[in-house]
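**Student:** Handing you a structure now.
The values are calculated or read from the model by the stated rules, or taken from the named source; none is laboratory data. Just so we're clear, the structure is a prediction, and the values are computed from it rather than from any experiment. Using ideal geometry, Cβ is built from the backbone for each residue, glycine included, and neighbour counts are taken over all protein chains shown. Calculation scope for accessible area: heavy atoms of the full protein, side chains included, ligands and nucleic acids excluded. Shrake-Rupley method; radii C 1.70, N 1.55, O 1.52, S 1.80 Å.
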Amino acid sequence: IEPKAFSRSAYWGFYLQDDWKVSRKLTVNLGVRYDFDVPRWEAQDRYSYWDLNAQSSVRAPGYDTRGVIKFVDKDNRSPFNADMNNWQPRVGFAYAANTKTAIRAGYGLFYTLSRATVFGRPGTGFTIDSPAIWTLDSNATLNSSLNNPFPNGVLLPPGRSQGDNTFLGFGTGTIVRDNNRNPEYHSWNLSIQRELPMRSVLEVNYTGSRGTHLFMPITTLSPLHPNDWSRGRTALNGLVTNPFFGQITDSRSVYSQPTVQLNRLLRPMPHFAGTSAGTAEPARGDSNYHALQIKWEKRYSSGLTFLGHYTWSKMIDNVSHSSGNVSWLGGSTTIQNIWDLRGERALSAHDIASRAVFTGAYELPFGKGRKFAATMPRILNWIAGNWDISGMALFQSGMPLHVTQNGGNIWDGTQRPNLIGDPSTTGSVQNRINSYFNTAAFSQPAVDVPGSSPRSLNYRGPGISTLDAALLKSIIVREGHRLELRMEATNFTNTPMFGDPATAFGAVNFGQITGLRNGVGPRNMQFGLKYYF
């Protein structure tokens, strides 16, 4: 149940810049930017947040029962603290080595929006899920059924009426005030540009960036520590005396029973049946990107223009996206062990090792106003003269493969398989459809033991190789009137673009390619006719 809300946020900033001409050949650019985002608030103050140090009303010897849900008020309207330290220096220079060679370099620090600004749903207490609780004793007995999923009633949003006791004894989550830091990116580059014959320019660039304080998709506040995993699943899921029995009396809570599962009592904030943060955790994600870029551009002359660009790069991170809110960007990866984030460091899901793009357009030198046959009869010119061709070719390496595991079993994470061999194979993609990589290179790890396979393999899926082309004919009917005929083809060579293989270890199609890449289909041709007047 989620009522409509009206929330607001604000952005303020300024930027100072100065260009300092050191000499005829050297110019230095200095700048600084400062901005901050005012954390979001809501018109009716329907936001909540965790106070992790406040003592709850539930107490039991030997258990730390601090942590309660608080609510905003007219004096403290946002559940987030403001991040006010976003100073962003910029520095760069341009140097003319001679009349045909220029050298440029620069560095800048950039901040992106935090979830404190863009997170907008009403807070816990004003919106709620009411899950069906099928069992209270590890499947020993049935608590609810499909024909009676809520035997004790449906949970309804209590608002702020329960104060510090809001959802005590239930699984719940809300905002952590300190999950407000703006992710930051350090970006730098060095460029050498040289004028060449044929009205062309060659540019060689090195560019790099470092992402720090990136959002990590960790939202649990009560993970089970690895020191307790050795107790075994049977013991951890087994029932023990409930120290909160009689203090938490709502019959819809697992803590209303005389016994409770042991693993619940070993977690932080044991007086809740699971806790989470409303937004992903900042400050723990990290990325590095380095690239060599080569560009050759031929400016228009003699009917020809051409641009070629090649990038050789590598990107490493420990998180490729922060949460399901941005999964539409692609590159979704999971975390295996939140207690060992060094084990998550690998090739980024967005890493493209090699990418070349070539575009060009050429006016065929036949017809009126062109180099050859400029005086051909008008009717013949309509047929054979004034044709233009253009095209774009793309060659790109595949993306790193992310091997997961069906039926993985590990606390508070997604278990990966063990990597016990070399997954790479050789041959054309067509010959490896049913076994794109060596599936024997993986094995099943033991329960609650992290697998040795990295988050991203150094082995990649199929790449992209495609050519789009167009043929254009322009006919001058009379002054002010022009007819244009256009023929276009995407994937002109009709090259199949295979999708990545199935990477779920344990699945029947593990290692098999079962489809084509989204967005790159078979050859598609279209014809267009336009009349301009």
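**Student:** Is it the case that some residue within the range 12-29 is closer than 23 Å to residue 175 by Cα and open to solvent by 50 Å² or more (accessible area, probe 1.4 Å)?
**Tutor:** No; the residues of the range 12-29 include none that is closer than 23 Å to residue 175 by Cα and open to solvent by 50 Å² or more (accessible area, probe 1.4 Å).
**Student:** Do you know which residues across the range 243-289 are acidic (Asp, Glu), closer than 30 Å to residue 185 by Cα and open to solvent by 30 Å² or more (accessible area, probe 1.4 Å)?
**Tutor:** 281
**Student:** Right, next: Name the pairs: first residue in the range 68-95 and within 16 Å of residue 117 (Cβ to Cβ), second residue outside any strand (DSSP E or B) and open to solvent by 80 Å² or more (accessible area, probe 1.4 Å), Cβ to Cβ under 8 Å, at least 6 apart or on different chains?
**Tutor:** 81/178; 83/181
**Student:** Okay, next question. Determine if the range 189-196 includes at least one residue that is modelled with pLDDT under 95 and surrounded by fewer than 17 Cβ atoms within 10 Å (Cβ to Cβ).
**Tutor:** Among the residues of the range 189-196, not one is modelled with pLDDT under 95 and surrounded by fewer than 17 Cβ atoms within 10 Å (Cβ to Cβ), which makes the answer no.
**Student:** Pairs needed: first member in the range 167-182, at positive phi; second member anywhere, modelled with pLDDT of 90 or more and aromatic (Phe, Trp, Tyr); C-beta distance under 8 Å; at least 6 residues apart or different chains.
**Tutor:** 167/272; 169/244; 169/255; 169/272
**Student:** Still on this structure: If we keep just the residues of the range 210-222 that are open to solvent by less than 30 Å² (accessible area, probe 1.4 Å) and either among the hydroxyl-bearing types (Ser, Thr, Tyr) or modelled with pLDDT of 95 or more (or both), which is farthest from residue 104 (Cα to Cα)?
**Tutor:** Taking the candidates together, the pick is 222.
**Student:** Hey, among the residues in the range 56-86 that are open to solvent by 70 Å² or more (accessible area, probe 1.4 Å) and touching a strand residue (DSSP E or B) at 6+ places or on another chain (Cβ under 7 Å), which one's nearest to residue 165 (Cα to Cα)?
**Tutor:** So the residue we want is 66.
**Student:** How do the pairs read when you match residues in the range 26-47 that are free of Cβ contacts under 8 Å to residues at least 60 places away in the same chain and within 17 Å of residue 79 (Cβ to Cβ) with residues anywhere that are buried (at least 18 other Cβ atoms within 10 Å of the Cβ) and among the small types (Gly, Ala, Ser), using Cβ under 9 Å and keeping only pairs 6 or more apart or on different chains?
**Tutor:** Matching pairs, first to second residue: 41/78.
**Student:** Please verify whether residue 462 is in contact with a Phe, Trp or Tyr (Cβ under 7 Å, 6 or more places away or on another chain) and not in a strand (DSSP E or B), treating the condition exactly as stated.
**Tutor:** Yes: the conditions hold for residue 462.
**Student:** Assess whether residue 110 counts as being in contact with a strand residue (DSSP E or B) (Cβ under 6 Å, 6 or more places away or on another chain), open to solvent by less than 80 Å² (accessible area, probe 1.4 Å) and within 15 Å of residue 181 (Cβ to Cβ).
**Tutor:** So residue 110 does not fit the description; no.
**Student:** Something else about it: Output the number of the condition that residue 105 fails; it satisfies all remaining conditions of (1) touching a strand residue (DSSP E or B) at 6+ places or on another chain (Cβ under 6 Å); (2) of a type in the set (A, V, I, L, M); (3) open to solvent by 70 Å² or more (accessible area, probe 1.4 Å).
**Tutor:** Unmet for residue 105, out of (1) touching a strand residue (DSSP E or B) at 6+ places or on another chain (Cβ under 6 Å); (2) of a type in the set (A, V, I, L, M); (3) open to solvent by 70 Å² or more (accessible area, probe 1.4 Å): (3).
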